[in-house]
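Presented below is the structure to which this report refers.
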Amino acid sequence: MITFYTYPGPNHRKARIMLEESGEAYETRTVDITKGEQFDPAYLRISPNNKVPAIVDHTASGDVPVFETAAILIYLAEKSGRLLPASGAGRIDAIAWLVWGTGGIGGTLPQLHHYADLAQQVPGTVERFTTEAVRLFNVLERRLKEREYICGDYSIADIPSFCSTAGWLGRVRDLSGGKLGETPAIDRWLKAVAARPAVKRAG
């Protein structure tokens, strides 16, 4: 059994999709970040970076805590034997694109969200993060023109980028003032990932 510590947000969905894809039994516990529960000493022993989500896998040999979204996806993929090649070039390719999705798109879009929604705009910030978001979406569009999913077969590489793109592609296009054009490959991929039963279950 896995305990899933979380609070609603973009990274919550990424981890939850992988929990559903893995087939592992899990229970969900809310860490209310509006009340500062992420700083509770017991939770910090699970997630030293005081962020959500995190998991604890209650195994026969002891509890295994895992924090950081990318690490959670890798752990669940290895435990279940799903969505990550066991070795070779395919494995490192999936891990590289997983990191790209969590650190690239997953790092840029929250910053854009923050600055775009400020009541008092900070000069240059929206333009800077919009430009980077456009660049990243162009990278993704080029990649998906050549293959069905990011690494060919559906894998953990798709999950974080899907969650970020599904929520932000349209707004980035609007903010870009025409710099982000049509994205037919991304649009096709978004529909394919959204149709997966585990993604539907995760909500």
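The values are calculated or read from the model by the stated rules, or taken from the named source; none is laboratory data. For clarity, every value in this text was computed on a predicted model and none was experimentally measured. For neighbour counting, all protein chains shown are included, and Cβ atoms are generated from backbone atoms with ideal geometry for every residue, glycine included.
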Inset, instruction - Taking residue 72 as meeting all but one of (1) among the aliphatic types (A, V, I, L, M); (2) surrounded by 20 or more Cβ atoms within 10 Å (Cβ to Cβ); (3) assigned by TED's automatic domain parsing to the domain that holds residue 175; (4) within 13 Å of the chain's Cα centre (by Cα), write down the number of the exception. - result: (3)
Inset, instruction - Tell me which residues, restricted to the stretch 152-176, are hydrophobic (A, V, I, L, M, F, W, C) and closer than 17 Å to residue 111 by Cβ. - result: 163, 168, 169, 172, 175
Inset, instruction - State whether one or more residues within the stretch 177-197 are closer than 21 Å to residue 10 by Cβ, of a type outside the set (Val, Ile, Thr), in a loop (DSSP other than H, G, I, E, B) and in contact with a Cys (Cβ under 7 Å, 6 or more places away or on another chain). - result: no
